[in-house]
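Working notes, beginning with the structure itself.
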Amino acid sequence: MIVGPAARTGRLTGDPRFVVKFFVSTPVNLMKSLPHKRVMSLTVPKKILFVDDNPQVLEGLERMFSMLEEPWVLAFSNSGVDALAQLRTQEFDIIVTDVRMPGMSGAQLLQLVQQQYPDIVRIILSGQRDNDAIFRSFNHAHQYLSKPCSARELERVLAHACTLREALLNEHLSYVAEVATLPSVPDIYRQLIDLMADELPPIDRAVRLIKQDVGISVKLLQLANSARLGKREPVYTVEQAVADLGLETVRSLAIADEVFYPLEPESHAVGFNSVDWWRHSMDVSYYTGELLNLEKADREYSAIAKVSGLLHDCGTLLLATQRPADYEQVLAAVTEKGLSLYDAETEVLGVTHAQVGAYYLELREIPPPIVEATGFHHQPSSSPAMKSIFLAALHAADVFTIVKRSAMGSNPFDYLDLPYLKSMGLEAKIPTWLRCCVS
């Protein structure tokens, strides 16, 4: 069981500059500076509620956990109705349910748990291969596992879920778990729906559209990285996700009710410019890749960097659409007090869009390098990762593209994390990087 920020290293290229070192329990790292009303100790046994109408499955789970060294407090239920009754009388950290059950389905159960107990981590454990059944639960589950599942894999996912549970109990992040899907750019959403109506939609065009939309990209990466698909290696890019899932799955997701939906003008904070936000995300995606090309990173690494650039400000969209009144106070603090957006978020919300975005991605099993880049793109020096040109390029691209739009003034050095860049020997490259991003 993971009880702390266990580090591991993954190498995407042979060049030592491109070693990505990340931490498994990202939510714990991101929350170190946040005030907590209640903090769970990871050494305390966690309570898990398993729900399955098959008694043999429940008996097998009980035997499996009896052989594990780590302490777990388990409860079992054979129906959604009984599970809700247990939830009313006991506290649980995690609920793990099958999808297809008589009476109340797993999707219906998780929807009610999401509404009534949003701080519980919700996991699907199912042998169901019916895409429609999976998609009905898609917006209500944090993670997916397939039957049969090894004890080692199940314990890994549950241990990881315990770090998520700690964040769910943080008053500044708890609402993030209630967000099923981020809204899509209306024009891209309509184009994708129209494209998927074709009998044989061109896959390259579908990928190009998806790569321009944060909400759809996150959903596909979430599904492609879920343990339900039996993946051993992380899926980092939209191209990989579409290839693994298949175009028919993407089509089913696109036309399924409530999976994807367009951003409506009246649905976000007054003063939030969704077009500028989208353009900035696209610019950062492009220029992060360009800066890594200057450093002669391989194509795979640049592709991952571009995904990180697209998703880096997803927390801003989440706050503007899910907490519009609070975010209007943030924008007012920027205007009236002259604060930076980052400082205004900290003052008003007690959390930044970077932390919110990273936690949202972490909940959805997005690969750790992307989560780390999202969480620390403003202050890479605060990252628990080792020096990474991956994060340095994203940070620089973010600053330079904002300078290009004159939102910060004219001096990027006021906003760059210079100690971080100097520690990597990149100070001399800043003028070249700046010309690349603003030319």
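For the residue pairs Lys147/Lys387; Lys46/Lys211; Lys337/Lys429; Lys211/Lys387, alpha carbon separations beyond 31 Å are given by Lys147/Lys387; Lys46/Lys211; Lys337/Lys429. The fewest-to-most ranking of Met67, Met282 by surrounding Cβ atoms within 10 Å reads Met67, Met282.
As a calculated quantity, the FRET efficiency between Ser79 and Asp198 at R0 = 35 Å, using C-beta atoms, amounts to about 0.25. Here the stretch 178-238 and the stretch 249-320 have alpha carbon centers that stand 11 Å from each other. Using the Karplus relation 6.51 cos²θ - 1.76 cosθ + 1.60 with θ = phi - 60°, the per-residue 3J(HN,Hα) values for the stretch 280-293 come to 5, 4, 5, 4, 5, 4, 5, 6, 4, x, 5, 5, 5, 5 Hz, with x marking Gly and Pro. As a calculated quantity, the FRET efficiency between Tyr342 and Met67 at R0 = 56 Å, using C-beta atoms, amounts to about 0.75.
Taken together, the values in this text are just the output of simple stated rules run on the coordinates, not laboratory data. Keep in mind it's a predicted model, so treat the numbers as computed, not measured. Cβ: placed from backbone, ideal geometry, glycine included. Neighbour counts: every protein chain shown.
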